[in-house]
1. What's the center-to-center distance, using Cα atoms, between the stretch 245-303 and the stretch 94-108 in Å?
2. Would you work out which of H111, L29, A101 lies farthest towards the positive end of the dipole of the stretch 15-131, given +1 charges on the beta-carbon of Lys and Arg and -1 on that of Asp and Glu, about the Cα centre?
3. Explain nothing, just the number: dipole magnitude of the stretch 7-101 about its Cα centre with +1 on each Lys and Arg Cβ and -1 on each Asp and Glu Cβ, in debye rounded to the nearest 20.
4. Tell me, what are the semi-axes, in whole angstrom and largest first, of the equivalent ellipsoid of the stretch 44-90 as set by the roots of 5 times the Cα gyration tensor eigenvalues?
5. Specify the inter-centroid distance of the stretch 154-203 and the stretch 1-45, based on alpha-carbon positions, in whole Å.
6. Using mean Cβ contacts within 10 Å as the protection proxy, how do 19-25, 220-226 order, highest first?
7. May I ask for log10 I(q)/I(0) of the stretch 1-120 at q = 0.12, 0.19 Å⁻¹, from a Debye sum over the Cα atoms as equal point scatterers with solvent left out?
8. In square nanometres, what is one fourth of the surface area of the convex hull spanned by the alpha carbons of the chain?
Amino acid sequence: MRVLGIETSCDETATAVFDTGRGLLAHRLHSQIGLHESYGGVVPELASRDHVRKLTPLIRHVLADSHSGGADIDGVAYTAGPGLVGALLVGASVARSLAYAWDVPAIGVHHMEGHLLAPMLEDDAPDFPFVALLVSGGHTLLVEVDGVGRYKTLGESLDDAAGEAFDKTAKLLGLPYPGGPALAALADRGTPGRFKLPRPMLDKPGLDFSFSGLKTAVMLEARDSALDEAARADLAAEFQQAVVETLTAKAQRALAQTGIGTLIVAGGVGANRALRGSLQRAVVSLGGRVFFPRPEFCTDNAAMIAYAGARRLQAGAVDDLSFEARARWPLDELSAPGVAESTRA
Ligand code: KG4
Ligand code: ZN
C-alpha cells in the first residue's frame, strides 16, 4: 500500500510518500520561518495562505521523487489536528479532494500520533509496548503506547509545553524565532550552575509537568542582572539543564511506574542534543532502550503522517467523504483502527 502524507498543522508545509512494502520513498518540506521571523512567532492567517501556495507544488515534487503517479497512490493521509484550524483546513481539503479524484480513501491523522510513531520510520524501530515522551511546541506528554491507537496519557504539562518554554525563554533572551534551536545553540556555549533555576514538579509525585515558572525565573534573572554575552549563555545553559533534568526524571519515573523498558522520544524538542544524551544515559542505566527519530523527523514532517495513515488504512480504518480539522484533540480519544471510538475502554 502506498500512501501520500500531508502535514499543514502549523508553520511547515510537508508531503511524503510511504510504501508499506518498501518504506519511506520520498519526503519534502517547506519551512515558513522566513515568513514569520519578523513577527517573532507564527501568524496563523499568513501560515494558511502560505500552505495554499506551497502545498500543491510539494505534492507534485514528492510524487515525482517517489516515481509515483496518481494511479500508484492507495490512500491519502493528512493531519486533522491538533493545530491551527485554518492551516489544517488547507491540508485536509486538498487531501480529501485528491483522494476523491483518485478514488482512494483519505484518512485524518492525529498530529501527536504521527510524532509518536515517527521512530517506526527508522531501520532500528521499537516494538510495542513503549513509553513515549512527546515534547513539541504545543504538547508535553508521557504516553503509554500498547499499539497503534492504544494510548494512555500518563502525564502532561499543566501549563506551557516544553517547546513553548524554550521559545518564550529564547524571546526573553533576545533570540530570534524559532527560539528552541537558537536557545540550544546559545546553551552549548554556556555552563549550567552559575544561575540557579528550579526543577519544576520534581519534588511532587506523579508524571505531570509545569514549565511556566521556569520561564518566569529566567525573566527575573534577566531583569535583575545586567547580562553580558557569557552570562546569557550560562543562563540559557541552566534553563536547558533544568528542562532536560525534569524531562529525564519524569521519563524514568514513567518507565518504573509502567514496568516498560522502552522509551521513545519525539516532537521538536526531541531534536535537542542535551536531552537526547541525558535520556540515553538514564534509560541505559535502568537496563532499558531509548529510540529517537532522526532530528528532521522529530520536528514536524509529513513522513510521520504518511506512516501513521498507512498503518491505520492497512488495519482497515475508513473515513467518509467529510474531512476534519480540530484545533484541540486529546490523544486518548483515539482508538485502535477497526475499534469504534465509542466502544473503546
Ligand atoms: O514538533 P514540532 O516541530 O512542532 C509542534 O508540533 O509544535 O516542535 C516545535 C518545537 C518548538 O517549540 C521548537 O522551538 C522546539 O520544538 N525545538 C527545539 C529544538 N528544535 C526544535 N527545542 C529545543 N532544542 C532544539 N534543538
Ligand atoms: Zn509537531
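The values are calculated or read from the model by the stated rules, or taken from the named source; none is laboratory data. Only a predicted model underlies this, so the values are computations on that prediction, with no experimental measurement involved. Cβ coordinates were reconstructed from backbone atoms using ideal geometry, including for glycine residues, and neighbour counts include every protein chain displayed. We work out accessible area using only protein heavy atoms, side chains counted, and drop any ligands, DNA or RNA first. Shrake-Rupley method; radii C 1.70, N 1.55, O 1.52, S 1.80 Å.
1. When both Cα centres are located, 35 Å separates them.
2. The Cα lying farthest towards the positive end belongs to A101.
3. Details: 7 positive and 10 negative charges, 39 e Å.
Charge dipole, the stretch 7-101, about its Cα centre: 180 debye, nearest 20.
4. On the way: eigenvalues 114, 36, 8 Å².
For the stretch 44-90, the ellipsoid semi-axes come out as 24, 13, 6 Å.
5. When both Cα centres are located, 25 Å separates them.
6. Details: 19-25: 13.7, 220-226: 12.0.
Ranked from most to least packed, the peptides come out as 19-25, 220-226.
7. -0.40, -0.99
8. Values: hull surface 67.9 nm².
Value for the chain: 17.0 nm².
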